[in-house]
Amino acid sequence: MHIDTERTSLEVQAYGFRGDGLAGVLSEVCVERTYSLWLNGRGLVRLVASPSQLQELGAGFVVTEGLAGAVDDVQVIGSEIHVYAQERETPSGPVIMESSGGQTLTRPVRPVSSELKLATEEVFWIIKAIVSDLWQTTGGAHCSVLFSNGRLVAKASDVGRHNSVDKVIGTAILGGMDLSRCILGCTGRQPEGMVAKAARAGVPVIVSKAATTNKGVELAGRAGVTLICRVKDQGFTVYTHPQRIVGLAIP
């Protein structure tokens, strides 16, 4: 098993303004690294990510991009992440550059099948859990979590919102968890590419502090994903499939 030993943040020299001028300060910032991801021996993509949970990142990326349904092994060698899996024979479209600057491989999204239900209070539990030490220290990291049966089962921080999702889903994959019984919580926006990651992995519910887009809503509707965004205080917005939330009358 690969053990992460590199720090995910470090101090840099900067200048802070405190109302009466500049003063030298040490500021904690996120560390970002570039990794090459290999699938079954062939170079697939280069990822900019935080140097943590790299096995999980590799496993999650392969599944959330629709390249495989499961993973046999992941090995991290220096800056290379080697994933071994039985690849799906599915067509792929062009690589799309997303609004965040990340790339997605436009593989098909299959409808999610799940009998999962959740209560309104669970939405707020999940949002409260999306706080990481890396974000509190630097203010520069996204965080994602997975809940199953009311319990936190995975948590990850990364400089990229896509990576944080891949890492928690990768944790579930490597741990043999049933993703159809999981709820994904995120700090980041939920455009089409982010919703697609959850749907390809079979996750039926997404909860986010942030907003979505029209394409994110459209895909969640088609894929059978309950999309809950803009969670604040005691309120939130449900964009698709509200029937999964128990105890609420749907207008």
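Each value in this text was obtained by applying a stated rule to the coordinates, not by laboratory testing. As the structure is a prediction and not an experimental result, all values here were calculated from the model. Reconstructed Cβ throughout: ideal geometry from the backbone, glycine too, with neighbour counts over all protein chains shown.
Here are some notes:
- Evaluated at q = 0.09, 0.23 Å⁻¹: base-10 log I(q)/I(0), Debye formula over Cα of the range 120-244: -0.20, -1.47
- Taking the Kirkwood radius as Rh and the Cα radius of gyration as Rg, the chain has a ratio of Rg/Rh equal to 0.99.
- Here's the list of lysines a cross-link from LYS128 could span, going by alpha-carbon distance under 20 Å and ignoring same-chain residues fewer than 8 apart: LYS117, LYS155, LYS167, LYS209, LYS232.
- Most to least packed among 137-147, 153-163 [average Cβ atoms within 10 Å]: 153-163, 137-147
- Ordering of 229-241, 56-68 by burial proxy (mean other Cβ atoms within 10 Å per residue, highest first): 56-68, 229-241
- By the count of neighbouring beta-carbon atoms within 10 Å, fewest first, VAL48, VAL123 end up ordered VAL48, VAL123.
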